[in-house]
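Let me begin by presenting the structure, written as structure tokens, before commenting on it.
Since every read-out is calculated from the coordinates, none of them should be taken as a lab result. What you see is a predicted model; the values in this text were computed from it and never measured. Cβ sites come from the backbone with ideal geometry, for glycine too, and all protein chains shown count toward neighbours.
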């Protein structure tokens, strides 16, 4: 499967803000955005004013990069969102939040979405008792996500717990830290999604 393999911090610098793709590093003075807030490349410091289309495109790219989704998959999610009842932009964010890798991250079982995606691929989690190793798997209300029994004593997850132990779990999820188990209570409402995304710009872009 195609995936981004270049320097992760370049993505944050390109969008001009932290996308929190490197976990704990993003909160330290080692963060690339904190050290070099301009775009990467030879002409990064001479960024020109964006057109209306450019603003819409950057917003779409930012959303894609927050969730680690490829263009074709993102467009598929947009088509799904447009067919649902309600506001298309909010539906889109709801679908992105429902990805298994994002839910694992939101529960504090990974320090970043890229790390969550890798852990899911390696088969560390179950959904309703069945192993699921597909990061794009969309969870539903009532689904129970658990860390597999043999992974619970892993030094990797002990280290993650030390970093994310005080993390606030969003109200649409429920987490039992003693059993490494989370439950989807409901799908997230727009106010439950704390990312700085102007979803109406994405809708405008795809509506052209």
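Points to keep in mind about this one:
- Estimated FRET transfer efficiency when R0 is 35 angstrom, pair residue 185-residue 207 (beta carbons, to 0.05): 0.60
- Residues 134, 87 arranged by fewest to most Cβ contacts within 10 Å: 134, 87
- Fewest-first sequence of 70, 173 by Cβ atoms within 10 Å of each Cβ: 70, 173
- Here the contact order of the range 58-129, divided by its residue count and restricted to Cα pairs under 8 Å and six or more residues apart, works out to 20 percent.
- Relative contact order for the range 99-186, counting Cα pairs under 8 Å that sit 6 or more residues apart, in percent: 31
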